[in-house]
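Structure first, then comments.
Read-outs: derived from the displayed coordinates by stated rules, not from any lab. As the structure is a prediction and not an experimental result, all values here were calculated from the model. Backbone-built Cβ (ideal geometry, glycine too); neighbour counts: all protein chains shown.
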Amino acid sequence: MEDLYAKKAWELIAMLRGREVSAREVLQSVLRRIEEVEGDVHSYITLTEGEAEQAASRADEALAGGRDPGTAAGVPLAVKDVLCTRGVPTTCGSRMLEGFVPVYDATVIGRLREAGMTMMGKANMDEFAMGSSTENSAFGPTRNPWDLDRVPGGSSGGSAASVAAGEAIWALGSDTGGSIRQPASFCGLVGLKPTYGLVSRYGLVAFASSLDQVGPIARDVRDCALLLSLIAGYDPRDSTSLQVKVADYLEALEGDIRGLRVGVPGELMQEGLTPGVRANVENALRLFAELGAEVEETTLPHLDYALSAYYILAPAEASSNLARYDGVRYGLRVEGEDMLEMYGRTRAAGFGAEVKRRIMLGTYALSAGYYEAYYGQAQKVRTLILGDFRRAFERFDVLVSPTSPTPAFALGEKVEDPLAMYLSDVCTIPVNLAGIPAVSIPCGLEDGLPVGLQIMGKALGEAELLRVARVMEEALGFRERPRVARGEA
């Protein structure tokens, strides 16, 4: 039998329900895989082997007794370490949360526990989700299973790498400016950033509250739809949660794309794309047309200002959100002669360089005399970008672009150049500013590394978005596996 760790979640669910395999056998396959490759990949900060074994045992007992163990039962999941997990350390990739063990679960974790979740552990990430490479983690970088000398993307790099390497079957990430889609692109996976408010943020440690969103990273679109269906829905504990009926995302996968109106924003197909990214995306656009879609270039005129607006708004919100880490209530505390010295020493020791950079940027943008000049103007730009998307979706059903201008870059290549690092999110950031959903699917290779295709949809249009992604996934026929999975790295 093919290694169980290489299966998709929906395949394993069918095998478990058919009693072809046990949850314990699936778990042991993934644990053996972790033992083989984790030393090279470093997907996890904390492994929860004991909890996973208990969950697998419960699933097997339920199945043996003819009871429903839950949709997610027996399918090992990696959880980005930005989501609170009761009784399990939650670090956000930072020394600042040293010793912090939540006493409650994030809403998405609670919902997955009810569905029988088998949690393998907490995945590595850029500190407080600030980064595009998972090199900013206080626990060391994660490596890309396609090439161990390259980054897996960020900030959900550990989540993506765990799935690509076979150390989990699927994973949860969070996306503030591309942090699900860009790692999915770099690791040859499917990653979805849902509509803002569709998935609860309760228990998600905040970076930028008006931008953050939890979402799935998986091996194919069907797994992505299944995981989304388990975590989506209204939560009264999240004031930004939308009171809407959750669609049947699996049923919505059926159908074709004849007559679909596809817009291609010229602003996202300009200079900066590597030749391989451009060629693979253009090939995907030809496939759209061959499948009966109407493909047309369009413009989102204010997109050129999206990156600048984001790097005022997100740091400003981070400056406010991260003020709670002061050494008083939880996490790291470095003593000083008085309270102010303790604050300073704690934050100097606890935060890494990128987090400090963004706190300073945000604090400056919010300071007296500069608020309207920077933060106020950035909010106006955000409104203009939202208007651009609304007008575009009056003409088109979906918009398409590269997920990232390049494939995975080398470890250390952009660490000393923050602007170059920020530019790796130029195609994904506008989606967060507008609050709309977008999915990344693999569309080919450049020099042996995956290239991602980003498909953007209307607010709460996940059902149609996933159907389009499923059709294109099938047409593109991406079947390549990482070098680690092929035993070559």
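Scanning region 348-370 for residues that are over 24 Å from A129 (Cβ atoms) and among the aromatic types (F, W, Y) yields a single hit, Y370. When region 113-136 is filtered for residues that are under 23 Å from L27 (Cβ atoms), in contact with a helix residue (DSSP H, G or I) (Cβ under 6 Å, 6 or more places away or on another chain), among the hydrophobic types (A, V, I, L, M, F, W, C) and not in a strand (DSSP E or B), only A115 remains. From A289, A284, grab the single residue that is free of Cβ contacts under 8 Å to residues at least 60 places away in the same chain and either closer than 21 Å to S404 by Cβ or outside any loop (DSSP other than H, G, I, E, B) (or both). Being free of Cβ contacts under 8 Å to residues at least 60 places away in the same chain and either closer than 21 Å to S404 by Cβ or outside any loop (DSSP other than H, G, I, E, B) (or both) holds for just one of A289, A284, which is A289. Checked against the criteria, G166 counts as of a type outside the set (A, V, I, L, M, F, W, C), out of contact with any strand residue (DSSP E or B) (no Cβ under 8 Å at 6 or more places or on another chain) and at positive phi.
So, A208, is that one among the aliphatic types (A, V, I, L, M), surrounded by 22 or more Cβ atoms within 10 Å (Cβ to Cβ) and either touching a Lys or Arg at 6+ places or on another chain (Cβ under 7 Å) or touching a residue at least 24 places away in the same chain (Cβ under 8 Å) (or both) or not?
On the way: among the aliphatic types (A, V, I, L, M): yes; surrounded by 22 or more Cβ atoms within 10 Å (Cβ to Cβ): yes; either touching a Lys or Arg at 6+ places or on another chain (Cβ under 7 Å) or touching a residue at least 24 places away in the same chain (Cβ under 8 Å) (or both): yes.
Yes.
For C427, the conditions (1) outside any strand (DSSP E or B); (2) touching an Asp or Glu at 6+ places or on another chain (Cβ under 8 Å) are fulfilled apart from (2).
Please indicate, with yes or no, whether at least one residue in region 2-11 is crowded, with 17+ Cβ neighbours inside 10 Å, touching a residue at least 24 places away in the same chain (Cβ under 8 Å) and over 21 Å from I217 (Cβ atoms). Checked against the condition, which is being crowded, with 17+ Cβ neighbours inside 10 Å, touching a residue at least 24 places away in the same chain (Cβ under 8 Å) and over 21 Å from I217 (Cβ atoms), region 2-11 yields no hits at all. Scanning region 323-352 for residues that are farther than 21 Å from G99 by Cα and either among the small types (G, A, S) or not in a helix (DSSP H, G or I) (or both) returns E337, D338. The number of residues in region 2-28 that are in a loop (DSSP other than H, G, I, E, B) and of a type in the set (V, I, T) comes to 1. Taking the criterion of being of a type outside the set (S, T, N, Q) and surrounded by 24 or more Cβ atoms within 10 Å (Cβ to Cβ), the residues of region 117-134 that qualify are M117, M120, G121, K122, A123, M125, D126, E127, F128, A129, M130, G131. Across region 224-267, the qualifying residues are those that are small (G, A, S) and outside any loop (DSSP other than H, G, I, E, B), and the one among them that is nearest to C427 (Cα to Cα) is G266.
Among the residues of region 435-448, write down those that are among the hydrophobic types (A, V, I, L, M, F, W, C) and either in contact with a His (Cβ under 8 Å, 6 or more places away or on another chain) or surrounded by fewer than 24 Cβ atoms within 10 Å (Cβ to Cβ) (or both).
Within region 435-448, the subset among the hydrophobic types (A, V, I, L, M, F, W, C) is 436, 438-439, 441, 443, 445.
Correct list: L445 only.
When restricted to residues that are of a type in the set (A, V, I, L, M), part of a loop (DSSP other than H, G, I, E, B), in contact with a Pro (Cβ under 9 Å, 6 or more places away or on another chain) and closer than 18 Å to T403 by Cβ, region 187-223 contains 1.
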